[in-house]
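Report on the following structure.
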Amino acid sequence: MQLKNISKIIIAFISILAVSCNADDVDNRPVLESVSAPEMTLPVTGKTFVLTENNADKEADLFQWTAAEYSNNVVVSYSLLMDAKDGNFANAQTLATTSDISQASITVKTLNQAAIELGAVPGTAKMFDVKVKCSVSGGVPMETEEIITISITAYSGLVTYPFTDWYLVGDATVAGWDNNKGNQPLFRSGVNPKLYKYTGYFKAGYFKVISTLGKWAPMYGGAGGNLAYRGTDADADPASLNIPTAGYYTFTMNTETLSYTLVSYNASAATSFPTIGFIGSSRTGTDAGWGEDTDMVQSAFDPHIWTLTISLFDGKGKFRANNAWDVNWGGDTAFSGFTANGASGGDIPVAKSKYQIYFNDLDGSYLMLPNQQ
């Protein structure tokens, strides 16, 4: 017993010494202090950029700045930021990020998209401020004291999107009979642009589909598996489709064959996910975008429907559940897809734009609407 007690005392004494040594190490660590902030050197303030879509992938200019200095040798991370002239950079666009590199080649497309995001009107010159912000691990972030101002004449930068989208409307749907109140779009096949599908919750009632939010034509209604088209407001109003009992249904329609199906869907065994996120190189423009996702917003009407508005870069992306890779969904086709019609476990190709994204975790359907304001 005595030997055991002596051993305990020795172990406790060694533990105290170890803690004391660690505390001393913390106290003696050198304090990291900023010495000088980076300063923009190129381009010169007042430079004019007239951007054209034909040169989208070419370099607009090489942006350079002086290296930041700290009291110790550290790795410095830089962010090249742009905001509208006299803005406070609270909603600045990030043109580039680098590590220990004090320059960045900015493409015409990147500069143009940033200008559009910041309110540029295509074809009209607008002034923008540019600065550099830097940070180090354990240090206070620094920003350039001087800001350069440049003029940018942007082009539209719209992504080519030759598709028609259709939205649910009616008292059986989330929007009710309001034709411009968060109406749920149908998911479009990735290989047949005339084929649409939606699996989800409907209330007991009726619905139709419209293609232009805020307008009642064009519209589809129908009966007996046959679609009825209303091209203009002067045309007859087609019959509404009936949901006899509230629950989950799969609605498909083909605007080429003018046919539809509406069948009950058993969602009782479907998993309810706490979170769904979008992840991929398109989030950041680099492979760093695969490190974490951006959480989507879950529908209060149907917990299997998720939405997200986000500006994306050229790259690829996927959807995943619970910030982990054990459950994830991808696709082969840009903008839209669903299982057995163009979607798979691949990476979804994404073109640089601002998107409204819809995702259905029941069947992996996705719809990514570009050119959002």
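Solvent exposure of the stretch 37-187, expressed per residue, is 48 Å² of accessible area, with all protein chains present and a 1.4 angstrom probe.
Quick check: at a probe of 1.4 Å, how many percent of the accessible area of the chain sits on carbon and sulfur atoms? Of the solvent-accessible surface of the chain, carbon and sulfur hold 52 percent. Debye-formula intensities of the stretch 243-373, expressed as log10 I(q)/I(0) at q = 0.10, 0.21, 0.22 Å⁻¹, are -0.34, -1.29, -1.38 (one equal scatterer per alpha-carbon, no solvent). Here, P(r) means the percent of Cα pairs in each 10 Å bin from 0 to the largest distance; for the stretch 34-154 it is 14, 46, 29, 9, 1. The HN-Hα couplings worked out from phi for the stretch 195-210 by the Karplus form 6.51 cos²θ - 1.76 cosθ + 1.60 (θ = phi - 60°) are 9, 10, 8, 8, 10, x, 7, 10, 7, 5, x, 9, 7, 9, 10, 10 Hz, whole numbers, x standing for Gly and Pro. Can you list the aspartates and glutamates whose alpha carbon is less than 19 Å from that of Lys181, not counting same-chain residues fewer than 8 positions off? Cross-link targets: Asp165, Asp171, Asp302. For a label point 7 Å from the Cα of Trp216 along Cα→C-beta, name the residues of the stretch 231-254 whose backbone N is under 18 Å from it. Within reach of a label on Trp216, which here means backbone N under 18 Å from a point 7 Å along Cα→Cβ, the stretch 231-254 contributes 231-241.
The alpha carbons of the chain stretch over 84, 79, 31 Å along the principal axes, in descending order. Amide H to amide H, with H built 1.01 Å from N, Lys85 comes under 5 Å of Met127, Phe128, Asp129, counting only residues 5 or more places away or on other chains.
Listed by chain and number, the lysines whose alpha-carbon sits under 21 Å from that of Lys131, ignoring those within fewer than 8 places in the same chain, are Lys47, Lys85, Lys109.
Using square roots of five times the C-alpha gyration tensor eigenvalues, list the equivalent-ellipsoid semi-axes of the stretch 161-268 in whole Å, biggest first. Don't skip to the answer; put the middle values down first.
Details: eigenvalues 74, 54, 39 Å².
Here the semi-axes work out to 19, 16, 14 Å.
Can you tell which of Tyr70, Ala228, Ile152 lies farthest toward the positive end of the dipole of the chain, using +1 and -1 charges on the Cβ of basic and acidic side chains (Lys, Arg; Asp, Glu)? Of the options given, the answer is Ala228. A simple packing score, the average count of other Cβ atoms within 10 Å per residue, orders the peptides 153-161, 190-198 as 190-198, 153-161, with the highest score first. Highest mean packing comes first when the peptides 118-130, 42-54 are listed by Cβ atoms within 10 Å, giving 118-130, 42-54. From most to least packed by mean Cβ count within 10 Å, the peptides 354-365, 229-240 give 354-365, 229-240. Probing with 1.4 Å while keeping every protein chain in the model, the per residue accessible area of the stretch 223-351 equals 48 Å². Computed from the Cβ-Cβ distance with R0 of 30 Å, the FRET efficiency linking Gln103 to Tyr161 stands at 0.30. Placing a label point 7 Å from the Cα of Thr250 along the Cα-to-Cβ direction, the residues of the stretch 192-211 whose backbone N falls under 14 Å of that point are 196-201.
The values are calculated or read from the model by the stated rules, or taken from the named source; none is laboratory data. It should be emphasised that the depicted structure is a prediction, and the values quoted were computed from it without experimental measurement. Note that we place each Cβ from the backbone using ideal geometry, even for glycine, and neighbour counts take in every protein chain shown. Accessible surface areas use protein heavy atoms only, side chains included; no ligands, DNA or RNA. Shrake-Rupley method; radii C 1.70, N 1.55, O 1.52, S 1.80 Å.
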